[in-house]
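A short reminder: the numbers here are calculations on the coordinates, not readings from a lab. Keep in mind that what you see is a predicted model, and the values were worked out from it rather than measured. All Cβ positions, glycine included, derive from the backbone under ideal geometry; neighbour counts span all protein chains shown.
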């Protein structure tokens, strides 16, 4: 049990729609990262938020966007969904600057785009 | 830039046998290296990490890994496999800025009774 919770656990959308995925960080963590894990692949870094600002981005198009709120919860928004967006989306929180900084992952949201 | 290669997408061992999962990395800066485990329908759990201290790193559940700079390797081992070790294992590297992890494609470990 990592203390990182994601909702919903499963989601089905159709191509062209928009989706919002939510993440509640572990208490005291100030940083949240989002990863996309396609079937049979390792997770790929989408972006990271630190103190409500984007703090790094992977090779994902602008239709992937995010928010981090003052309570350090977070959202991942994906516009104009494509079939290839079908994947497990993982959220991970951490305490930036900690002497033993670690990522704590949630169980993910499984997104299916039809 | 950094990357990770995991050799062998599937590894099968007998219960009680040695577990060896291979990982080679490429990094333009001194790397931080990680091993994560993923059980079905769950997120990733950190097994161990290397951050330029001791080259032999001990983790949870009896796993350990050795950083070998000359071989650019960070292989994961466990002396005696348990049935509960059956899962997907990911090697990861983080480089400059330490903001993001780059994961390998994973190795699925099967443990036979």
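Worth a mention:
- Ranked by the mean number of other Cβ atoms within 10 Å of their residues, highest first, the peptides A:32-45, B:9-22 come out as A:32-45, B:9-22.
- FRET efficiency, 1/(1 + (r/R0)^6) with R0 45 Å, evaluated for residue A:27 and residue B:112 via beta carbons: 0.65
- Peptide B:44-52 has a mean shielding of 3, counted as Cβ atoms of other protein chains within 10 Å of each residue's Cβ.
- Number of partner chain Cβ atoms within 10 Å, mean per residue of B:102-109: 3
- Per-peptide packing, taken as the mean over residues of other Cβ atoms within 10 Å, places B:69-76, A:58-65 in the sequence B:69-76, A:58-65 from highest down.
- Whole-angstrom gap from the range A:64-95 to the range B:29-86, using each part's C-alpha centre: 27
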